[in-house]
1. Could you pull the accessible area for Asp99 with a 1.4 Å probe, rounded to 10 Å²?
2. Counting heavy atoms of the protein chains only and a 1.4 Å probe, report the per residue accessible area for the chain as a whole number of Å².
3. In vacuo Debye scattering of the chain, one point per C-alpha: log10 I(q)/I(0) at q = 0.11, 0.15, 0.18 Å⁻¹?
4. For the chain, what is the mean residue ellipticity at 222 nm derived from helices alone (per DSSP H run of n ≥ 4: -39500 (n - 2.57); sum divided by total residues; nearest 500 deg cm²/dmol)?
5. Quick one: length gained pulling Asp94 to Gln37 fully straight, 0.36 nm per residue minus the C-alpha distance?
6. Using a 1.4 Å probe and counting only protein heavy atoms, arrange Ile68, Ile9 so the residue with the most accessible area comes first.
7. Enumerate lysine pairs in the chain that are 8 or more residues apart or on different chains, then count those whose Cα atoms are under 23 Å apart.
8. Kirkwood Rh, segment 1-58, all Cα pairs: how many Å?
Amino acid sequence: MATERTFSIIKPDATRRNLTGKVNAVLEAAGLRIVAQKRIQMTQAQAEAFYGVHKERPFFRDLVTFMISGPVVVQVLEGENAVARNREVMGATDPKKADAGTIRAQFAENIEANSVHGSDSAENAATEIAYFFSGIELVG
Ligand code: ATP
Ligand code: MG
């Protein structure tokens, strides 16, 4: 399995509680390297576009409001099988169902304020990375 990149967001519930370093420690311990990272405040338009795939879902409005409720840290993670590895270490969407030791089991507040986002495929990872980072910001 070749080295792969995935896209990650540390969500506003986690930045609000000053958990960026703790989340990053879990990512790094899982063998993922943070090759790009910046703290940003998403606009409503950016959050709506990012979660556009969910726009028909009942939770879409609340999700967008939550994602712009404070700063987020957007990241590019690199490692063997990085997309799947990150999904594993994030844990299930609902923290009540997340395996012990995962980021969501340790830190998430609830199914919406669940501390992290991670791309669900290599194809979506490439799209999401290009949405938030320019080539010059990716140093490998
Ligand atoms: P993400 O895409 O953020 O990595 P995910 O892939 O585990 O999470 P999705 O099904 O893609 O989950 O949902 C995107 C986000 O929408 C979730 O992370 C969560 O913040 C929110 N969400 C999902 N399902 C619900 C729900 N039933 N109620 C409220 N919010 C939800
Ligand atoms: Mg998802």
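The values are calculated or read from the model by the stated rules, or taken from the named source; none is laboratory data. Being a predicted model, the structure only gives us computed values, none of them experimental. Remember, those area values only see protein heavy atoms, side chains included, never the ligands or the DNA or RNA. Shrake-Rupley method; radii C 1.70, N 1.55, O 1.52, S 1.80 Å.
1. Using a 1.4 Å probe on the heavy atoms, I get roughly 110 Å².
2. Numbers: 7240 Å² over 140 residues.
Ligands and nucleic acids excluded, the figure is 52 Å² per residue.
3. Each listed q maps to, in turn, -0.36, -0.69, -1.03.
4. On the way: 7 runs with 55 residues, N = 140.
Here the helix-only value at 222 nm equals -10500 deg cm²/dmol.
5. Details: separation 57, 0.36 × 57 = 20.52 nm, distance 2.52 nm.
Full extension from Asp94 to Gln37 adds 18.0 nm.
6. Numbers: Ile68 50, Ile9 0 Å².
Largest accessible area first, the residues go Ile68, Ile9.
7. Working: Lys11/Lys22; Lys11/Lys38; Lys11/Lys55; Lys11/Lys96; Lys11/Lys97; Lys22/Lys38; Lys22/Lys96; Lys22/Lys97.
Summing the qualifying lysine pairs gives 8.
8. Values: mean 1/r = 0.0730 Å⁻¹.
Result for segment 1-58, one decimal place: 13.7 Å.
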